[in-house]
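J.: Below: one structure in structure tokens.
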Amino acid sequence: MTETSDEEQLAVQSQFGPYRVEGVIARGGMGEILRAYDTRHDRIVALKLLAPHLAADQEFRERFKREAHAAGRLSEPHVIPIHGYGEIDGRLYLDMRLVEGEDLGARLNAHGPMHPNDVVHVIEQVAQALDAAHAARVVHRDVKPSNVLLGAGGFAYLVDFGIAASIQDATSRTSGSVTMGTLAYMAPERFGDAPSDHRVDVYSLACVLYQCLTGAKPYGVTSTEALIYAHLNREPPKPSETMPGVPQEFDRVVANGMAKNAADRYATAGELAAAARRALRTTAPLGAAGVEPERRRSRWPVALAAVGAVAAVAGVAAAVVTLQPEPTDGQAMPVPRPAPTTTPSSSTTAPPTTSSAPPTSASPVAEAPTSAAPAPPPPSEPPKTTTSRPPYEAKICKSISYQGKARGTGCFDADGDFIAAKDTFKDGFWIKTRSETDYHHTAECRDTNSEGDYVQCKLQLRSEGSMRIMVELWDGSKKLADTPWTRFTPIGK
């Protein structure tokens, strides 16, 4: 009879302290993640258990508790909350929110490089998580695509914070090994004895930016020696040379973010994200004939348990495919040169609404040709009427309220060919403006930070078409409310 391992025994146990185990989400060499019911707080959680041998390492135990405590205090929306941590029956554990989604690494492996619009949106969200962590003196130290969780609506979470680096340190003390996945994104100063700071995360984020744009890890080498040499000596790779079609403006962003000297890098993750946004705005949107192809989403949702604090959580990426097909909402899957993440959208000047019911679909408005007047009918036939075009409006906006408070506004600027979103209430929620043309081009624009002016998202549109928008309010990956679609309004005069 085969001897049962500790992990297998735990998987079949119905109880772990106050947690009732309902199933295994993922398992790795350093531990496992379980779906569990917390009997004390009446909620389903992701329970991350570290391998038993790690609890025997006293230095690791102290670092784990210190970083888990610091990480648990972070409240940034792109950091998944840690409910609790500790030790039960000799096993270190983390109690976290259970989130539905797929990790960025899996997305890239399945579908290749992303459209620059989508890339910048993800990088901006990860940067917000990092900057919040750095402000609390917490350094992630293991930023990579597999540690970025993509939830509903494209909302990104940075997971597996510092504890992954803690595990690497504990492992290297006994075996001298470091995972190849981490080496591909590791800042040069981490290979020596020189002190390092939060800018190691900036370097890693630049590596993630490069991989999202190209679908390939930086430098394109696989051996440990070649990777270390490349990080220490080779010039940062240029995404525009690796992937034709990537705007050259991103080359400078990657080069600055991956500078060998930490002092030459962006001072914060937010600075890198802002530079990426500027690079995007200086280039024309990709797509043929003014129509950007829609992205494709995974057909099956992946449940990921994420450690959502920024310096201590368990080092196991959780992923389990559920067996219920997810509606695709008419979206196509990503292609080697995909278009920005899109979902239908609309706009109106009607009073804001708090209704969370899905918008009613509307048929595209038929337009009369604008290039020439219709030919007059023969004298023997009665005159025929033509469909009138809606009046041109240079700008239309739509506001949304929730629980009696104004939460944000979305707009379409016909003169500037962009949609915009603004979150006007500091409550941790975020605003999304969705747009749709009468020729079925869709786009969205998000403001996940209630500070500053409108977030503007440039579009490439047909002047003879019409556009409508709507506005949504989100709490993390959960939609709270949306407005009705507006009527279609002409894109050009």
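J.: For segment 34-53, state whether one or more residues are outside any strand (DSSP E or B), surrounded by 19 or more Cβ atoms within 10 Å (Cβ to Cβ) and of a type outside the set (S, T, N, Q).
T.: Within segment 34-53 (the criterion being outside any strand (DSSP E or B), surrounded by 19 or more Cβ atoms within 10 Å (Cβ to Cβ) and of a type outside the set (S, T, N, Q)), the answer is yes, since at least one residue qualifies.
J.: Then there is this: Tell me whether segment 435-445 contains one or more residues that are crowded, with 22+ Cβ neighbours inside 10 Å and within 16 Å of P77 (Cβ to Cβ).
T.: no
J.: Still on this structure, I have one more. Mind listing just one residue for me: the one in segment 467-493 that is touching a helix residue (DSSP H, G or I) at 6+ places or on another chain (Cβ under 8 Å) and more than 15 Å from S399 (Cα to Cα) and, of those, least open to solvent (accessible area, probe 1.4 Å)?
T.: S477
J.: Ok, one more. Against the definition (part of a strand (DSSP E or B) and either open to solvent by less than 10 Å² (accessible area, probe 1.4 Å) or at pLDDT below 90 (or both)), how does E464 come out, yes or no?
T.: Here the answer is no, as E464 does not meet what is asked.
J.: Tell me, which residue of segment 172-203 that is surrounded by 18 or more Cβ atoms within 10 Å (Cβ to Cβ) and in contact with a Leu (Cβ under 9 Å, 6 or more places away or on another chain) is modelled with the lowest pLDDT?
T.: L183
J.: Something else about it: Quickly run through segment 194-210 and pick out the residues that are in a helix (DSSP H, G or I) and farther than 15 Å from D142 by Cα.
T.: Hit for segment 194-210 is Y210, nothing else.
J.: If you don't mind, another one. Which of the residues spanning segment 73-94 are within 23 Å of the chain's Cα centre (by Cα), over 20 Å from W474 (Cβ atoms) and surrounded by fewer than 23 Cβ atoms within 10 Å (Cβ to Cβ)?
T.: Those that are within 23 Å of the chain's Cα centre (by Cα), over 20 Å from W474 (Cβ atoms) and surrounded by fewer than 23 Cβ atoms within 10 Å (Cβ to Cβ): R73, H83.
J.: Moving on to the next point. For D438, work out the one condition from (1) in contact with a strand residue (DSSP E or B) (Cβ under 6 Å, 6 or more places away or on another chain); (2) at pLDDT 85 or above it doesn't fulfil.
T.: (2)
J.: If you don't mind, there's one more thing I want to ask. Starting from segment 60-81, take each residue that is under 16 Å from H140 (Cβ atoms) and among the hydrophobic types (A, V, I, L, M, F, W, C) and list its partners that are open to solvent by 20 Å² or more (accessible area, probe 1.4 Å) and part of a loop (DSSP other than H, G, I, E, B), counting only C-beta distances under 8 angstrom and pairs at least six apart or across chains.
T.: Close Cβ pairs satisfying both conditions: A70/A136; A70/R137; L74/A136; I80/R97.
J.: To continue, here is another question. Among the residues of segment 112-129, is there at least one that is at pLDDT below 95, outside any loop (DSSP other than H, G, I, E, B), among the polar types (S, T, N, Q) and open to solvent by less than 10 Å² (accessible area, probe 1.4 Å)?
T.: There is no residue in segment 112-129 that is at pLDDT below 95, outside any loop (DSSP other than H, G, I, E, B), among the polar types (S, T, N, Q) and open to solvent by less than 10 Å² (accessible area, probe 1.4 Å).
J.: Would you pick out the residues in segment 54-72 that are open to solvent by less than 50 Å² (accessible area, probe 1.4 Å) and acidic (D, E)?
T.: Answer for segment 54-72, where residues must be open to solvent by less than 50 Å² (accessible area, probe 1.4 Å) and acidic (D, E): D57, E67.
J.: Pairs please, first residue from segment 476-493 and on the phi > 0 side of the Ramachandran plot, second anywhere and assigned to a loop (DSSP other than H, G, I, E, B) and open to solvent by 10 Å² or more (accessible area, probe 1.4 Å), Cβ atoms under 9 Å, 6+ apart in sequence or on different chains.
T.: G476/P77; G476/R97; G476/G151; G476/G428; G476/F429
J.: Go through segment 415-435 and count every residue that is in contact with a strand residue (DSSP E or B) (Cβ under 7 Å, 6 or more places away or on another chain) and closer than 26 Å to G492 by Cβ.
T.: Looking only at that region, the number is 10.
The values are calculated or read from the model by the stated rules, or taken from the named source; none is laboratory data. Computed from a predicted model, the values in this text were never measured in an experiment. Virtual Cβ from ideal backbone geometry, glycine too; neighbours counted across all protein chains shown. Surface accessibility is based on the protein's heavy atoms, side chains included, excluding ligands, DNA and RNA. Shrake-Rupley method; radii C 1.70, N 1.55, O 1.52, S 1.80 Å.
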